[in-house]
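Encoded as structure tokens, the structure appears first; notes follow it.
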């Protein structure tokens, strides 16, 4: 709870109950509005539980790619070695990254001022990391359990969905497996984001696998289609075959925040402390949601800026800093 849902834990610690805390928080917000706080559109957007972009989440990554430029992006590449030459003189180009690209037979090498790592810890352990030429032992990194997941996107004609439900979506409790439901849950994507599908279709995003049914996540496309169609038929009265289907599989979709997860966070902090200019971001800490992952990336970027800025200031000679 502390690592996966810190906000819920905060409510429980403050009010003694998650439900009571939620009610009091809502009442507090209403009282604030009654005392003159304007309920602006910006405030409404800030309180939304979900968000996206016109055209989908890829709009964000496309914008980042366009801003960086194709020559700065290296797809289908595997990082083999990270080398830090930090000697305290300057933070610039202290990091050397060696990687193998599917597009080139030989290894490639590039220098950077800092590194933000988002790869799973199990992949980090396979990398060779050196600090001023000395290998960094990574045996202190604990084993992390990762959950496999298949995401299945389907569309159905509206007239074929007999019980369309309005809302965010539905989660399936594990006990419902005895009633034949095998999926983890479904997002009503076209309900949340009407631009995602034509007006005569419902778009659904269904999740299969996780800790409940690890093997099902690796099922064939046809089997997943049958599983998802069966569940949507039972839940929503979706009849017939979907007019569209796509499936994405991740063998390490997200880390499992277990009882001993404190040791994972401590190991990440040690890695960052021992390697100046190295920062870890992603869903390994702070939460698993897309919003939390984005927040983690922004925080890591801010830390890099602060690191480079402070290092540069420390090297300025006395009297060389102009103040206004």
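The values are calculated or read from the model by the stated rules, or taken from the named source; none is laboratory data. Nothing here was measured: the structure is a model prediction, and the numbers come from that model. Because the Cβ atoms are built from the backbone with ideal geometry, glycine has one as well, and the counts that use them run over all protein chains shown.
Considering only the range 289-297, I want to know if a residue exists there that is part of a loop (DSSP other than H, G, I, E, B) and at pLDDT 80 or above.
The answer is yes; a qualifying residue exists.
So, in the range 213-227, of the ones that are over 23 Å from residue 57 (Cα atoms) and in contact (Cβ under 8 Å) with a residue 40 or more places away in the chain, which residue ends up surrounded by the fewest Cβ atoms within 10 Å (Cβ to Cβ)? Spell out the reasoning first.
First, the residues of the range 213-227 that are over 23 Å from residue 57 (Cα atoms): 213-216, 218-227.
Cutting the leftovers down to in contact (Cβ under 8 Å) with a residue 40 or more places away in the chain gives us 214, 216, 218-219, 224-225, 227.
Values: 214: 12, 216: 19, 218: 15, 219: 19, 224: 25, 225: 17, 227: 21.
This residue is 214.
For residues that are in contact with a helix residue (DSSP H, G or I) (Cβ under 8 Å, 6 or more places away or on another chain) and farther than 28 Å from residue 162 by Cα, scanning just the range 198-212, find the one that is surrounded by the fewest Cβ atoms within 10 Å (Cβ to Cβ).
So, considering only residues that are in contact with a helix residue (DSSP H, G or I) (Cβ under 8 Å, 6 or more places away or on another chain) and farther than 28 Å from residue 162 by Cα, the one surrounded by the fewest Cβ atoms within 10 Å (Cβ to Cβ) is 212.
Per-residue answers, yes or no, for (1) part of a loop (DSSP other than H, G, I, E, B); (2) farther than 28 Å from residue 113 by Cβ; (3) modelled with pLDDT under 90:
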| site | (1), (2), (3) |
| --- | --- |
| 250 | no, yes, no |
| 267 | no, no, no |
| 272 | no, no, no |
| 279 | no, no, no |
| 285 | yes, no, yes |
| 306 | no, no, no |
| 322 | yes, no, yes |
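Name the single residue, out of those in the range 54-70 being touching a residue at least 40 places away in the same chain (Cβ under 8 Å) and more than 16 Å from the chain's Cα centre (by Cα), that is surrounded by the fewest Cβ atoms within 10 Å (Cβ to Cβ).
Among them, the one singled out is 54.
Somewhere in the range 180-189, is a residue assigned to a helix (DSSP H, G or I) and surrounded by 19 or more Cβ atoms within 10 Å (Cβ to Cβ)?
Yes, the range 180-189 has at least one match.
Count, please, the residues in the range 156-178 that happen to be touching a residue at least 40 places away in the same chain (Cβ under 8 Å) and touching a helix residue (DSSP H, G or I) at 6+ places or on another chain (Cβ under 8 Å).
9
Could we say that residue 199 is under 26 Å from the mean Cα position of the chain (by Cα) and either without any contact (Cβ under 8 Å) to a residue 40 or more places away in the chain or closer than 30 Å to residue 281 by Cα (or both) here?
In short, no.
Among 77, 85, which is surrounded by 13 or more Cβ atoms within 10 Å (Cβ to Cβ), touching a strand residue (DSSP E or B) at 6+ places or on another chain (Cβ under 6 Å) and either modelled with pLDDT of 85 or more or under 17 Å from residue 112 (Cβ atoms) (or both)?
Sole residue among the options that is surrounded by 13 or more Cβ atoms within 10 Å (Cβ to Cβ), touching a strand residue (DSSP E or B) at 6+ places or on another chain (Cβ under 6 Å) and either modelled with pLDDT of 85 or more or under 17 Å from residue 112 (Cβ atoms) (or both): 77.
Considering each residue of the range 255-288, count those that are in contact with a helix residue (DSSP H, G or I) (Cβ under 9 Å, 6 or more places away or on another chain) and surrounded by fewer than 15 Cβ atoms within 10 Å (Cβ to Cβ), and give that number.
Qualifying residue count for the region: 1.
I'm trying to understand the selection: among the residues of the range 89-113, which are under 21 Å from residue 75 (Cβ atoms) and part of a loop (DSSP other than H, G, I, E, B)? First the steps, then the outcome.
Quick first cut of the range 89-113, residues under 21 Å from residue 75 (Cβ atoms) only: 95-112.
102, 103, 104, 105, 106, 107, listed by residue number.
Cβ-Cβ under 9 Å, sequence separation 6+ or interchain: first residue in the range 71-83 and part of a loop (DSSP other than H, G, I, E, B), partner at pLDDT 85 or above and surrounded by 13 or more Cβ atoms within 10 Å (Cβ to Cβ). Which pairs?
Taking only residues 6 or more apart or on different chains, the pairs are 73/65; 74/99; 74/108.
Is it true that residue 234 is part of a strand (DSSP E or B) and either outside the structural domain of residue 188 (by TED's automatic domain parsing) or touching a residue at least 12 places away in the same chain (Cβ under 8 Å) (or both)?
Spelling it out, it is not the case that residue 234 is part of a strand (DSSP E or B) and either outside the structural domain of residue 188 (by TED's automatic domain parsing) or touching a residue at least 12 places away in the same chain (Cβ under 8 Å) (or both).
Counting only residues that are in a helix (DSSP H, G or I) and either in contact with a strand residue (DSSP E or B) (Cβ under 6 Å, 6 or more places away or on another chain) or under 30 Å from residue 268 (Cα atoms) (or both), how many does the range 159-175 have? Full working, then the answer.
The initial filter retains those residues of the range 159-175 that are in a helix (DSSP H, G or I), namely 159-160, 174-175.
Subset that is either in contact with a strand residue (DSSP E or B) (Cβ under 6 Å, 6 or more places away or on another chain) or under 30 Å from residue 268 (Cα atoms) (or both): none.
The qualifying residues number 0.
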